[in-house]
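**Q** Dumping the structure here so I can ask a few things about it.
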Amino acid sequence: MYSIDSDIEKTLKFFPKLKKQEGKLAISGELDIVHPKAGFLDTYEVLIEFTKLYPNCFPKVTETSKKIERVPARHVNENDTLCMAVRPEEILLCRRGIKLKWFIESVLIPHLAREIYFEEEKKYPFGDYSHGIDGLWEYFMEKFDSKDKNWIIIVLEKIVNNELPKNNEDCFCGSKIKYKKCHKYQVNQFLSFETSYLSDEIINLKTKL
Amino acid sequence: MNKHLVKFYPVDNGDTSLIKPKDKITLLVDVNIREGETNSDGNDIFDVKKDLIESIETKDGNYFLNHFILSHADEDHCLGFEKNFYQGDSKEYGESNQENEEIIIDELWVTSLIFSNGLCSDAKAIKKEANRRIKLIEEDSSEKDDFGNKIKLIGYDGNERYEDIPNHIPGEIVEIGDYLELFIHAPFKADLIESRAEKDRNSSSIVFQASIKNNSYDTTPIAKLFFGGDADHYRWEKILKISEENNNEEKLEWNILLAPHHCSWSFFSDVPYDDEENQEPQDYSLEFLDYGLEDAKIIASCKKIKKEKPNPPHDAAKDQYVDKLDSKDNFFNTSVHTKEKTPEPIIFEIGSSIEMQETKSEKKRNAAKEMAETGVVKKPWRL
């Protein structure tokens with residue numbers, strides 16, 4: 001049985017500069033970014049708050065040291081929290097629940113390392129998604145390896161409506177190739193989503209067809 | 001650290017070069033430590049002093065250089081000396097000197113023109129310090145060879161006053177520690193004329209080849225570095241001629257050359273490049289550049305080299321240098337390494353080969369990228 005208090009307690013042992021905030025479901029303090037060989041790179045002060053949806057979503061992270069410039073290009077939300085991943089990616093990563101230590105080590109610290117890189121190069125090491133729906137589109141186009149928005153909507157609707165072919169049937173794309181050898185892999189990436197989420201996202205995507 | 005280091009600091013049109021073989025002997029060729037945060041172009045002034053004291057060794061807790069070589073006494077080669085280097089008896093080095101992190105020079109190398117007139121304030125401070133050290137020799141003081149008191153005059157000017165002062169003259173090989181050997185090419189006697197000093201110090205520049213061996217028992221060096229201050233075309237012509245006449249061709253070879261006079265045209269010709277009818281480089285200059293070894297590199301210690309004036313640096317000089325290199329990527333301009341806004345020293349690590357070291361910001365950037373890559377999310381987004 002998951003316990004957020006126990007999750008926090010276990011995690012703080014690994015990050016002694018982070019402390020639990022009194023009377024709040026939040027932790028705060030310094031997070032050192034240390035490369036295993038190159039050593040210390042930088043320190044950020046962070047406030048990590050847990051919402052009701054946690055652990056099925058990322059906790060909210062505010063970079064309180066304000067080293068990251070508050071401009072749109074730096075992916076800081078209007079409420080001052082960091083936006084670390086595009087929504088569907090976060091949903092996929094959190095669908096079975098996450099652990100705080102994993103989040104700090106695998107999401108937050110690499111994100112802050114990305115910000116250190118930005119300070120030096122004025123760009124992100126692996127690029128970034130555009131803001132809002134445009135960024136969502138970029139994510140879906142990457143996953144489907146297609147720039148055809150209408151086609152992507154059709155496929156997403158097939159997923160939602162459970163209209164996918166069987167393995168040995170022809171793929172829906174008209175290639176005359178068996179589905180299992182054609183688009184099955186790409187479609188499978190989205191089968192883990194709740195259909196209600198996908199339905200909502202289709203509506204969002206359609207606003208920028 | 002088991003490699004030799006050679007570091008060229010970004011100081012706009014000036015020189016500051018540190019040689020540090022793996023026996024940790026330190027040799028600084030010229031210095032240019034500017035005040036302030038940004039230069040006239042709005043680019044960051046690299047904190048030479050901070051980096052220098054991180055790079056050199058300490059004795060009794062105080063920073064020191066084994067050798068400081070002043071190629072010639074122009075301000076762009078000695079700026080910041082008075083403030084940042086200790087002057088006086090090292091036994092009297094006090095708390096305030098320590099607080100200011102003043103660097104003690106064990107052995108000072110200058111030419112006799114340091115005793116001439118018309119010097120900038122920093123050169124005057126070197127002159128005063130040189131006089132203090134010379135006085136110890138003249139008085140045959142028991143302290144003349146103590147730490148922080150040694151001096152060598154480079155070149156011979158025939159002046160009787162300096163006859164008892166230890167010197168190194170052109171043609172002489174000077175061993176420094178287990179790995180480093182300097183071959184003195186210049187200044188020549190004819191250029192150490194005090195009456196001419198105020199008008200032209202460049203021609204009196206100390207010119208030397210520094211050879212570094214990979215192992216102390218090696219008989220051949222792994223790297224040859226060439227420093228020539230602001231020596232002009234005539235001096236290089238003479239150096240070439242004398243070396244070839246004496247079968248000293250190997251003393252002309254270089255793996256790394258600090259482009260003379262901040263990459264100005266004066267290395268190639270005495271005729272200003274503006275004279276459109278005479279833009280040809282002298283054969284002697286080109287011939288010297290042919291002594292560059294495989295994969296040789298040239299460092300232009302100057303402002304960003306642009307097509308337009310002022311000179312130095314000079315774009316036409318750069319073109320001539322690049323023509324002589326195996327690759328245009330072997331030509332480096334200190335002011336834009338690796339970014340014009342935030343230049344950092346050009347550092348070579350010398351072991352069994354000569355490798356360029358990543359700058360601090362490159363190391364940080366690459367380490368950050370590696371850490372970012374370990375994440376499960378590669379790209380940020382904003383709703």
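The values are calculated or read from the model by the stated rules, or taken from the named source; none is laboratory data. Computed from a prediction, not measured in an experiment: that's the story for all the values here. Cβ coordinates were reconstructed from backbone atoms using ideal geometry, including for glycine residues, and neighbour counts include every protein chain displayed.
**Q** Residue by residue through the range A:126-152, note down the ones that are in a loop (DSSP other than H, G, I, E, B) and more than 13 Å from chain B (Cβ to nearest Cβ).
**A** Across the range A:126-152, the qualifying residues are A:Asp145, A:Ser146, A:Lys147, A:Asp148.
**Q** Then there's this: Name the single residue, out of those in the range B:216-246 being assigned to a loop (DSSP other than H, G, I, E, B), touching a residue at least 12 places away in the same chain (Cβ under 8 Å) and over 17 Å from the mean Cα position of the chain (by Cα), that is surrounded by the most Cβ atoms within 10 Å (Cβ to Cβ).
**A** So the residue we want is B:Pro221.
**Q** Here's another thing I want to ask about it. Select from the range A:27-38 the residues that are at pLDDT 95 or above and farther than 20 Å from B:Val376 by Cα and list them in ascending order.
**A** Once the filter is applied, which keeps residues that are at pLDDT 95 or above and farther than 20 Å from B:Val376 by Cα, the range A:27-38 yields A:Ile27, A:Ser28, A:Gly29, A:Glu30.
**Q** Further, regarding this structure: Return a yes/no flag: does the range A:136-144 have any residue that is under 24 Å from the mean Cα position of the chain (by Cα), within 20 Å of A:Lys206 (Cα to Cα) and modelled with pLDDT under 90.
**A** yes
**Q** Find the strands (runs of 3 or more DSSP E) located wholly in the range A:5-119 whose residues include 3 or more that are touching a strand residue (DSSP E or B) at 6+ places or on another chain (Cβ under 6 Å) and under 19 Å from B:Ala368 (Cβ atoms), and list them.
**A** In the range A:5-119, the matching strands (runs of 3 or more DSSP E) lie at A:26-35, A:39-49.
**Q** Going by what's in this entry, would A:Lys123 be described as in a loop (DSSP other than H, G, I, E, B), out of contact with any Asp or Glu (no Cβ under 7 Å at 6 or more places or on another chain), of a type in the set (D, E, K, R) and more than 9 Å from every other protein chain (Cβ to nearest Cβ)?
**A** yes
**Q** Let me ask you something else. If A:Leu53 meets every condition in (1) over 18 Å from A:Glu105 (Cα atoms); (2) of a type outside the set (D, E, K, R); (3) within 14 Å of chain B (Cβ to nearest Cβ) apart from one, which number is that one?
**A** (3)
**Q** If only one of B:Lys127, B:Lys152 is crowded, with 16+ Cβ neighbours inside 10 Å and farther than 26 Å from B:Lys22 by Cβ, which one is it? Explain how you work it out, then say what you get.
**A** Values: B:Lys152 fails: farther than 26 Å from B:Lys22 by Cβ.
Unique residue meeting the criteria: B:Lys127.
**Q** Something else now. What are the residue pairs meeting all of these: first residue in the range A:138-166, first residue of a type in the set (Ser, Thr, Tyr), second residue assigned to a helix (DSSP H, G or I), Cβ atoms under 7 Å, and 6 or more apart or on different chains?
**A** Pairs found: A:Tyr139/A:Pro88; A:Tyr139/A:Glu89; A:Ser146/A:Ile152.
**Q** Sticking with this one: For the range A:68-100: of the residues being touching a residue at least 40 places away in the same chain (Cβ under 8 Å) and of a type in the set (A, V, I, L, M), which is nearest to the other protein chains (Cβ to nearest Cβ)?
**A** If we take residues in the range A:68-100 being touching a residue at least 40 places away in the same chain (Cβ under 8 Å) and of a type in the set (A, V, I, L, M), then A:Val86 is nearest to the other protein chains (Cβ to nearest Cβ).
**Q** Shifting gears a bit: What do you reckon, is A:Val155 assigned to a helix (DSSP H, G or I), over 26 Å from A:Met84 (Cα atoms), outside the structural domain of A:Ile116 (by TED's automatic domain parsing) and at pLDDT below 95?
**A** Yes: the conditions hold for A:Val155.
**Q** Could I ask something else about it? Here are the criteria: (1) crowded, with 21+ Cβ neighbours inside 10 Å; (2) assigned to a strand (DSSP E or B). Tell me which single one B:Ser203 does not satisfy.
**A** Of (1) crowded, with 21+ Cβ neighbours inside 10 Å; (2) assigned to a strand (DSSP E or B), only one is false for B:Ser203: (2).
**Q** Cβ-Cβ below 8 Å, separation at least six or inter-chain, first residue in the range B:360-383 and over 24 Å from A:Phe103 (Cβ atoms) and without any contact (Cβ under 8 Å) to a residue 40 or more places away in the chain, second of a type in the set (D, E, K, R) and part of a loop (DSSP other than H, G, I, E, B): which pairs?
**A** B:Lys360/B:Glu344; B:Ser361/B:Lys339; B:Ser361/B:Glu344; B:Asn366/B:Glu358
**Q** From the list A:Phe15, A:Phe58, pick out the single residue that is crowded, with 17+ Cβ neighbours inside 10 Å and closer than 30 Å to A:Ile202 by Cβ.
**A** On the way: A:Phe15 fails: closer than 30 Å to A:Ile202 by Cβ.
From the options A:Phe15, A:Phe58, the qualifying one is A:Phe58.
**Q** Take the residues in the range B:43-64 that are without any contact (Cβ under 8 Å) to a residue 40 or more places away in the chain and either more than 17 Å from B:Asp30 (Cα to Cα) or surrounded by 17 or more Cβ atoms within 10 Å (Cβ to Cβ) (or both), then tell me which one is nearest to the chain's Cα centre (by Cα).
**A** Just the residues of the range B:43-64 that are without any contact (Cβ under 8 Å) to a residue 40 or more places away in the chain, to begin with: B:45, B:47-48, B:50, B:54, B:57-58, B:60-61.
Narrowing the set further to residues that are either more than 17 Å from B:Asp30 (Cα to Cα) or surrounded by 17 or more Cβ atoms within 10 Å (Cβ to Cβ) (or both) leaves B:45, B:48, B:54, B:57-58, B:60-61.
Values: B:Ile45: 18, B:Val48: 13, B:Glu54: 18, B:Glu57: 18, B:Thr58: 21, B:Asp60: 27, B:Gly61: 26 Å.
Looking at residues that are without any contact (Cβ under 8 Å) to a residue 40 or more places away in the chain and either more than 17 Å from B:Asp30 (Cα to Cα) or surrounded by 17 or more Cβ atoms within 10 Å (Cβ to Cβ) (or both), I get B:Val48.
**Q** Considering each residue of the range B:321-338, count those that are surrounded by 16 or more Cβ atoms within 10 Å (Cβ to Cβ) and farther than 30 Å from B:Glu287 by Cβ, and give that number.
**A** Qualifying residue count, the range B:321-338: 0.
**Q** So, A:Ala85, is that one among the small types (Gly, Ala, Ser) and buried (at least 19 other Cβ atoms within 10 Å of the Cβ) or not?
**A** Against the criterion (among the small types (Gly, Ala, Ser) and buried (at least 19 other Cβ atoms within 10 Å of the Cβ)), A:Ala85 qualifies.
**Q** Tell me, yes or no, whether the range A:115-123 has at least one residue that is touching a Leu at 6+ places or on another chain (Cβ under 7 Å), surrounded by fewer than 22 Cβ atoms within 10 Å (Cβ to Cβ) and without any contact (Cβ under 8 Å) to a residue 12 or more places away in the chain.
**A** The answer is no; no qualifying residue exists.
**Q** Also, I was wondering about something else. So which of B:Glu308, B:Glu276, B:Glu287, B:Glu250 ends up being under 25 Å from B:Ile206 (Cα atoms) and either touching a helix residue (DSSP H, G or I) at 6+ places or on another chain (Cβ under 7 Å) or at pLDDT below 95 (or both)?
**A** B:Glu287
The rows are residues; the columns are (1) assigned to a helix (DSSP H, G or I); (2) surrounded by fewer than 12 Cβ atoms within 10 Å (Cβ to Cβ).
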position	(1), (2)
A:Lys176	no, yes
A:Lys180	yes, no
A:Gln186	yes, no
A:Phe193	no, no
A:Ser196	yes, yes
A:Ser199	yes, no
A:Ile202	yes, no
A:Leu205	yes, no
A:Leu209	no, yes
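Every residue, every condition in (1) among the polar types (S, T, N, Q); (2) under 17 Å from B:Lys297 (Cβ atoms); (3) under 21 Å from the mean Cα position of the chain (by Cα), yes or no:
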residue: B:Ile347; (1), (2), (3): no, yes, yes
residue: B:Thr359; (1), (2), (3): yes, yes, yes
residue: B:Glu362; (1), (2), (3): no, no, no
residue: B:Arg382; (1), (2), (3): no, no, no
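**Q** Could you tell me which residue of the range B:351-375 is farthest from the other protein chains (Cβ to nearest Cβ), considering only residues that are buried (at least 16 other Cβ atoms within 10 Å of the Cβ) and among the aliphatic types (A, V, I, L, M)?
**A** Among those that are buried (at least 16 other Cβ atoms within 10 Å of the Cβ) and among the aliphatic types (A, V, I, L, M), it is B:Ile354.
**Q** Condition (residue is in contact with a Leu (Cβ under 7 Å, 6 or more places away or on another chain) and within 28 Å of B:Ser203 (Cβ to Cβ)) applied to the range B:138-148: is it met by at least one residue?
**A** Filtering the range B:138-148 for residues in contact with a Leu (Cβ under 7 Å, 6 or more places away or on another chain) gives B:143-144.
Restricting the remaining residues to those that are within 28 Å of B:Ser203 (Cβ to Cβ) gives none.
Looking through the range B:138-148, none of the residues is in contact with a Leu (Cβ under 7 Å, 6 or more places away or on another chain) and within 28 Å of B:Ser203 (Cβ to Cβ).
Okay, residues lined up against (1) modelled with pLDDT of 95 or more; (2) at positive phi; (3) touching a helix residue (DSSP H, G or I) at 6+ places or on another chain (Cβ under 9 Å):
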position: B:Phe188; (1), (2), (3): yes, no, yes
position: B:Ser195; (1), (2), (3): no, no, no
position: B:Lys199; (1), (2), (3): no, no, no
position: B:Phe208; (1), (2), (3): yes, no, no
position: B:Pro221; (1), (2), (3): yes, no, no
position: B:Leu225; (1), (2), (3): yes, no, no
position: B:Ala231; (1), (2), (3): yes, no, yes
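**Q** Sticking with this structure for a sec: Test A:Ser199 against the criterion of being touching a residue at least 24 places away in the same chain (Cβ under 8 Å) and among the small types (Gly, Ala, Ser), and give yes or no.
**A** yes
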